[in-house]
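Q: Submitted below is the structure of interest, expressed as structure tokens.
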Amino acid sequence: MIYPWHQQAWQRFQSSADRLPNAWLLVGKRHIGKTEFARHLAASLLCEKNHGLDACGECSSCHLASLGTHPDFYELTPIVEDEDNAKKLLQIKIEAVRQVLDNIHLTPLRAPRRVVLIHPAESMNIQAANALLKALEEPSETVIFILVAHHRDRLLPTIKSRCRQFTLPAPNHDEALAYLQQQQVPNAESYLAFHAGSPLFDHQLDAFELRHDLLKVLIKPRLLAVLDYAAQFDRAKQPLALFLDWLDKWLIDMIATNQGKNVLFYPQYQDELCGLSDNIPIMKFFALRDEVIQTQPYGQHTLNVKLVVESLLFDYLEIVNKGKNYGGSS
């Protein structure tokens, strides 16, 4: 699927069909359609009647690609491992990469070539990345790699240097808002702000209610409210990464209002954020945000979610409650 805001990018791809690289690296913001773009590209490469990167949509390969069952297509993405109900770090491991590499140099079964899609590419651990690098250094004429990355700088420089890099643009505000309204997403404007202008987010009612309850705690932090919310979030069995994202965006907005700027993610709470951040040294917010950032790599890990949520909210509670004693210094 090619989203409307990527149509021009797709036309540029089609114009380069006569000089296909061994590997592409598609980069851009989260939730703008990069993976869907990559799958569309893969289907075009696999089409049995391919003419200039334009899949016919009718051949057997196109049908299999639409079902996700094409034998010459491989897709690698992190899988949440669950051992004794313990969530692990999200990574693409070397075993998964090797399993693909062991097969790709065989003669394609249906298509003119084999295609390997890896997303997000920065989730490969170092061993997996080095295994892929070896394959990129010794390219096969019948294999094309498509890497999708949210954070280009987290990839090995040697991998980036062996890929044709292509940045996919995010939609502008009007395009993103029109898409959400077409999908009949309620509160589209506030959701779009919260997701930094990226329209392809998961709209989950349970998560929305959890976030709304967190905001009530952040606006009026109290000890019992913190304890109750930590227990509530833990019972919801949501990944810690979700809470960390919500809190991080709130802290970014508090830093913005502390400096007299407009908020980015919670525009409907501009007044509340201004009142909370007033008279608090800005470094207090930066210090707490550092704690959040340091915890983010473990957003899917075997941590005690309840204790982590409590700890971060206790630190937030202390900062806000002591704000009146800071004498307005910043």
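Any read-out appearing in this document is the output of simple, stated calculations on the displayed coordinates, not a laboratory observation. None of the values given here were measured: they were computed from a predicted structure. Virtual Cβ from ideal backbone geometry, glycine too; neighbours counted across all protein chains shown.
Q: Looking at the square roots a ≥ b ≥ c of the eigenvalues of the Cα gyration tensor of segment 146-249, which shape do they give, rounded for a/c under 1.5, prolate if a/b is larger than b/c, or oblate?
A: oblate
Q: Follow-up question, since we're still on this one. What shape does segment 204-321 take by its C-alpha gyration tensor, where a ≥ b ≥ c are the square roots of the eigenvalues and a/c under 1.5 counts as rounded, a/b above b/c as prolate, and the rest as oblate?
A: Verdict is prolate for segment 204-321.
Q: Give 237/306; 216/249; 220/306 a once-over and call out the pairs whose C-alpha atoms are over 18 Å from each other.
A: Violating the 18 Å Cα-Cα cut-off are 220/306.
Q: In whole Hz, what ³J(HN,Hα) sequence does segment 142-154 give by Karplus (6.51, -1.76, 1.60; θ = phi - 60°), x for Gly and Pro?
A: Once θ is set to phi - 60°, the couplings for segment 142-154 become 9, 10, 10, 9, 10, 9, 10, 9, 7, 10, 4, 6, 8 Hz.
Q: Under a 5 Å amide H to amide H cut-off, with H placed in plane at 1.01 Å, what residues pair with residue 114 once short-range neighbours are removed?
A: 143, 144
Q: So what's the angle, to the nearest 10 degrees on a 0 to 90 scale, between helix 305-321 and the longest Cα principal axis of the chain?
A: Tilt relative to the chain: about 50 degrees.
Q: Which of the listed residues, 187, 221, 57, is farthest toward the dipole's positive end in the chain, when Lys, Arg count +1 and Asp, Glu count -1 at the beta-carbon?
A: Working it through, the farthest residue towards the positive pole turns out to be 57.
Q: If the only charges are +1 at each Lys and Arg Cβ and -1 at each Asp and Glu Cβ, what is the size of the charge dipole of segment 4-170 around the Cα centre, to the nearest 20 debye?
A: Details: 20 positive and 18 negative charges, 116 e Å.
Here segment 4-170 has a charge dipole of around 560 debye.
Q: Hey, another quick one. Report, to the nearest 10°, how far helix 240-258 tilts away from the longest principal axis of the Cα atoms in the chain, using its own Cα long axis and a range of 0 to 90°.
A: Result, in degrees: 60.
Q: A further question follows. Go ahead and estimate [θ] at 222 nm for the chain from helices alone: -39,500 (n - 2.57) per DSSP H run with n ≥ 4, summed, over the residue count, rounded to 500. Could the numbers behind the result be given before it?
A: Details: 14 runs with 161 residues, N = 330.
Roughly -15000 deg cm²/dmol at 222 nm, from the helical runs in the chain.
Q: Enumerate the aspartates and glutamates that residue 29 could reach by cross-link, defined here as Cα to Cα under 18 Å, with residues fewer than 8 away along the same chain left out.
A: Correct list for residue 29: 122, 153, 174, 175, 202, 245, 248.
Q: Amide H of residue 75 versus every other amide H placed in the peptide plane: which residues, excluding those fewer than 5 positions away on the same chain, fall under 5 Å?
A: 117
Q: So what's the net charge close to residue 161: Lys and Arg +1, Asp and Glu -1, counting the other residues with Cβ under 13 Å from its Cβ?
A: On the way: positive: 152, 160, 162, 164; negative: 137.
Here the charged neighbours net out to +3.
Q: Across segment 4-170, what fraction of all alpha-carbon pairs, as a whole percent, falls in each successive 10 Å bin from zero upward?
A: 10, 39, 37, 12, 1, 0
Q: Let me ask another. Run the reach check for residue 261 against aspartates and glutamates, Cα to Cα strictly under 13 Å, same-chain hits fewer than 8 apart removed. What comes back?
A: 253, 271, 278
Q: Also: For segment 222-282, rounded, prolate or oblate, judged on the Cα gyration tensor with a ≥ b ≥ c (square roots of eigenvalues), a/c < 1.5 rounded, else prolate if a/b > b/c?
A: It is prolate, given that a/c is not under 1.5 and a/b is the larger ratio.
Q: Quick one: which of 32-42, 172-182 comes out on top by average Cβ neighbours within 10 Å, and what's the full order, highest first?
A: 32-42, 172-182
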